[in-house]
Amino acid sequence: MSVKDQKTPTDLAALDVRGIAKAYGVVRALEPASLVLRPGEIHALVGENGSGKSTFVGIVSGTVRADQGSVTVGTETLARVSPAVAQSHGALTVFQDGSILPQLSVAQNLYLGTPAEQRPAYRRHEKWAAERLGEWGLGRLDVTAAAATLSPGDRQSLEITRAVAARPRLLLLDEATSALDANGVDNALELMQRAAAEGCAVMFVTHRLSEVFRVAESISVLRDGKWQGTHRADSTDAKGLVELMAGTNVDTEFPPHATPDEVGGVVLSARELAGPGFGPVDLSVRAGEIVGVAGADDNGQVGLLRGLARIGAPSGGLTICGRSVAGYGDAIDAGAIYLSGDRAEESLFRSLPIRENITVGMLDRLSRWGVIGWQGERDLVSETVSNFGIRMGSAEAPPTSLSGGNQQKVALGRVLAGEPRLLLAEEPTQGVDVRSRVDIYNLLRDAARKGLAVVLVSSDASELVGLCDRIVVMSRGRLVAELAAEGASEQSVVDSFTAAGHGEVGPDAVADERPAARPGLGRIRELFQRHENGPRLGLLALMLVLIGAYAQSQNGIFLTHANVYNLLFLAMPLAAIAAAEFVVLFVGEIDVSVGAVMALTIVLMSEFVQSGALIPALLLSLLIAILLGCVVGSLNALLVEGARLSPFIATIGMLGIVNGVGLTIRPTASGVISPALLEGLAKEVWVVPWAFVVLVVLALVADWALRSTGTGLRLRSVGLNAQFAHRLGVNSRLVRSAAFVVASALAGCAGVLLSAQIATGDQTVGASYLLLAIAAPVLGGASLAGGHGTFVGCLLGACLLIVVQNLTATLGINDAYAYLLTGGLTIVALLLYTSSAGAAIGNYVRSLRLRFGNAAAAEEGAS
Amino acid sequence: MNRRDVLAQLRTVTPLKVIGPGVILILIFSEMVISGGLLAQSTLSTVLPPLSILIIIAIGQSFVVGTGGIDLSVPATVTLTGVIILKASEGKNSGLLEALIICAVACILIGLINGILVEGLRLNPLVVTLATGQLILGFMRLYGGEILPASNVPPQLAHWASDTIVAGVSYLFLIAIVFTLVGTVFLHRFVQGRRLVASSAAERSAFLAGLSARRYRILAYVIAALSYGLGGVLASGEVGTPDLTLGDPYLLLSIVAVVLGGAALSGGRVSPVATMLGAVFIYLLDYDLRVKGLSGGLREMVQGAVLVLGLTLAFVIQNPPRVRGLLARLRGSKAPQEPSAAA
């Protein structure tokens, strides 16, 4: 059946792209490209890594802003660069690195990524999700399970299904089959055909040509950001496409391979090396040899390369130049160096001059008694610049002023300046122009002739064949084949890891071998991760009870009516300001100006609410609080979200301004606040101040809304991963701006509650809430990364802090302990609830164990 | 350096080129505002000592800001050194050395704890340093006891902190200048300093280049705490009777000075000279406003506003295309919006 038969020639274009282009600094990621897609057409966009495919998809899907050109989906041109806008026009995208939030359930993920008009009421989302997945052939997934428990393949299937099920006008898939096995690929291709049959235009980006010829009608090729034209699938073949993708290599001349006498002794030897995503692997590399690691995307090549430098504490044996290597530091000492493919984050120092980039690894050799010599440094820089043919203006400019090729030469110059014995290079020519590419090949071969051993990971088959002496092929994290460069061709390399020709066998890919249910401890941990709030709140409540019991046993007055009331009365404003801070923390921001806003509210109350009956005074105070909050919150939002200033510094500046206003109005504590209001606020229900009861009710309602409504889910998604939320069409910036405004308004209301204690206009009362306002939500389980915690937790956290602070008075001990306990509890809570802290400790323990294990093994060998 | 290099350096916007003219303006303004002029001996002797202390503390803060962090334990650390001086020396010259040693040890500990919690355990720098600030205040109360044995610092320290070299220029200012210069040379020409800068600027790149990046980033916190300690000791000597509010002004002021010194602009490369000029700017502005009779409240407001404006200025200089886009949108044209790239 041909898809073409179902469309009429009069159909309007589903997608009309005209002359879109994008440059990052001096690197031209995409030169003007145009494309028209008709409904029901399946179009493949192919190209090597760094050829501009993702930039093209990014512009069409609204995540990347084009420098020029226009995108029209259906009848309307996209006016703004935003995934939400693209989606509202019917363009849905499945992104390369996904947009599934692992902390949420399958059903919640499906709900989040589905256009608003197709979503059911949130309370029915699980039933709806099960039906929808069943309808599209994914009924085997448990919709209540956390997405984290899915295998990478299932996660990708879920994303594809989510997009197809929404019946978009245009479906974009960016390398959406990379984690799928043969079956998964079959299903995905079938889904594409089903979508096309319903009139959807499908554009899929891939470098797997076998998939291209199975479904695509037309094919476009990108190379080095340049559009290589659109071809009909039946008028071209795999060989022709490979030539277009690689540029037939007319202009690429590779240096000769190593002759046998150029290859020396073993430099690197790995035994049973295994780490995240790869292994166990045995590999040995000799001096003078360039070894290439090939494989389809995400089959553990980069993991292995890092493992060979002992980065990320992999297990197994590793020897470099005869020395046992237990950490990256050892690897460096043994003469190895790692060159990352991520130039921006991992191989260059973007804010430092080119000169310092080149010499950073050579400082010991350039210095005497720790002082770097001018002449030596200058000589090294000019030597590197001329040897490596770096074309640049000035060595004092940052490397960001250079083209991709010259940036890579700077990075390569840095690593080779130290004359290493082993170079581990990740995609050494990615995003590099052809001329620099040839330079880099020659530089690597020259270094190899002088005895350097090189292992490189590349997704460019022609590069592997042309440059490397030996190619090892990875699949599912293991070495599955080894090819000698002599006699190998691009096709034989690609064949070794992908399907031969247009056959039925799908490419191997990493299928997660982790069983769904982990036994014992793992299972309990998983349960905790899914239902984190229960244990966190329980722990907090338990601490309150224990401290309370201890205090009561030491001093009988602790549990008296008066004392309990008093503590809750003190906790009330802290609980409110903690809730205010929590609003910001929940979406992944921070605001240190809340305490000052709270104090300024009281100062303003001492000006404007000096008398009056309870209700009018209360309403007026709340009005003041909310107005003030809106002003300050909007300014914070403008600075942090509008101008993207650091929230730390911007809100500290706001803290200064707000405090200054307060101190100008009331340089010292003075003024009165309506006695009726103060009395009214102090009224109690049984032992609880009534305002505290209101806070508890509001907190419960807010927590319910966060957990059980679609809006709550969208807010949470912003906190969990703002980038994914943005891709799913949630306006992250608007949400975060609103959070700043709401937080400041709540902080103002907290000021109204605090006025019952202070009773006079005093700006300085805000200072003590600087830490407390953040400490209480953190104790209550909020994470500074966002997306975690509860309002009830804030209340409990506030109570705990107040009890601890008053413990010193109850027990008659030095008030120093109040400070120590507050600071200590905050740090402990941070440690408990910051997942990166756990990871950091885990890494450290693993590397220690590795070092210790190796030392023991060495001793054993010696004896 | 050849001519091309010089030209390239002239063209690039550096923090110094922004704060430099700012300082010249504020100097002219001060000359006009202050009766007798800025260079009158009486003016210099009131302005320079507190300014010198701010310079030293702000340079400390800039080391932390250079790593992308922030240190809010400044006031507690400064206050702690005051208490240590009083407690350990009991106000006697003979106890001064011992007090200074205790101060140094305490500051190294504080820096290590901050650094290990933030860099070693990857906790949020803002909350960690607020919390360690509380811990410091707690330990200070335990250490100091109910009543401190003296309320005056040893006379030697007080004398020395107020002594002048010539015409109102105090030793404190000399120390601040030397501190700035030593810091600059250390960061540019010493192996350890270069590695510290590289590790602060790009931690992953530094690690893969073979540096103990995390250790250098922790070192930045230790250097910062030691600078606060030095500032605290000098401040104690300058006021003579340090109390529990000794450190309070330095939280906001140090951050303002660092931001004006262009930390946000240069990202990673901390410039002690630019930070010093930032401190000069904000301190002189504050002083001028005080001379003009502005209240403490208004002056704090100005500090906050200068901080926000300084940040905004750095943003404008760094992102000319974005600013042009914003302006275009303000004029009502339908320029496409920047996608909100998430953190």
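Every number in this text was worked out from the coordinates using simple rules, so none of it is lab data. Bear in mind the structure is a predicted one, so any value in this text is a computation, not a measurement. All Cβ positions, even for glycine, are placed from backbone atoms using ideal geometry, and neighbour counts span all protein chains on display.
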task = Return the sequence-ordered ³J(HN,Hα) values of region A:255-271 in whole Hz as given by the Karplus equation 6.51 cos²θ - 1.76 cosθ + 1.60 applied to θ = phi - 60°, using x for Gly and Pro.
result = x, x, 5, 6, 7, x, 6, 7, 8, x, x, 5, 9, 10, 9, 10, 10
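Give me the percent relative contact order of chain A, please, defined on Cα pairs under 8 angstrom at least 6 residues apart.
Numbers: 1678 pairs, mean separation 107.3, N = 863.
It rounds to 12 percent for chain A.
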task = For B:Phe190, list long-range residues whose amide hydrogen, built 1.01 Å from N in the peptide plane, is under 5 Å from its own amide hydrogen.
result = A:Ile372
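Among the listed pairs A:Lys22/A:Lys226; B:Lys17/B:Lys292; A:Lys22/A:Lys239; A:Lys409/A:Lys450, which are separated by more than 23 Å between their Cα atoms? List each step's numbers first, then the result.
Details: A:Lys22/A:Lys226 11 Å; B:Lys17/B:Lys292 28 Å; A:Lys22/A:Lys239 29 Å; A:Lys409/A:Lys450 19 Å.
B:Lys17/B:Lys292; A:Lys22/A:Lys239, as the Cα separations exceed 23 Å there.
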For A:Arg223, residues with placed amide H under 5 Å, excluding near neighbours = A:Gln228
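If each DSSP helix of 4+ residues adds -39,500 (n - 2.57) and the sum is divided by the residues in chain B, what number results at 222 nm, nearest 500 deg cm²/dmol?
Working: 16 runs with 250 residues, N = 343.
It lands at -24000 deg cm²/dmol.
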query = Alpha carbon centre of region A:618-689 versus region B:136-160: separation in Å?
reply = 36
query = Which value at 222 nm does chain A reach when only helices count, each DSSP H run of 4 or more adding -39,500 (n - 2.57), with the total divided by all residues and rounded to the nearest 500 deg cm²/dmol?
reply = -16000 deg cm²/dmol
task = Please report the orientation-averaged projected area of region A:266-497, defined via the convex hull of its C-alpha atoms, in nm².
result = 12.2
request  = Starting from the amide H of A:Thr790, placed 1.01 Å from N in the peptide plane, find each other amide H under 5 Å away whose residue is 5 or more places distant or on another chain.
outcome  = A:Ala782
query = Can you list the aspartates and glutamates whose alpha carbon sits under 12 Å from that of A:Lys53, skipping same-chain ones fewer than 8 residues off?
reply = A:Glu31, A:Asp174, A:Glu175, A:Asp224
message = Please rank A:Thr63, A:Thr400, A:Thr668, fewest neighbouring Cβ atoms within 10 Å first, as an exposure proxy.
response = A:Thr668, A:Thr400, A:Thr63
message = Shape verdict for region A:533-839, please, from the Cα gyration tensor: rounded (a/c under 1.5), prolate (a/b greater than b/c) or oblate.
response = oblate
inquiry  = Can you return the aspartates and glutamates within cross-link range of A:Lys683? Criterion is Cα-Cα under 15 Å, with same-chain partners fewer than 8 residues away left out.
reply    = none
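Going by how many other Cβ atoms sit within 10 Å of their own, how do B:Leu137, A:Leu825, B:Leu54 line up, fewest first? Write down the numbers at each step before the final one.
Values: B:Leu137 23, A:Leu825 20, B:Leu54 26.
Placing the least packed residue first, the sequence is A:Leu825, B:Leu137, B:Leu54.
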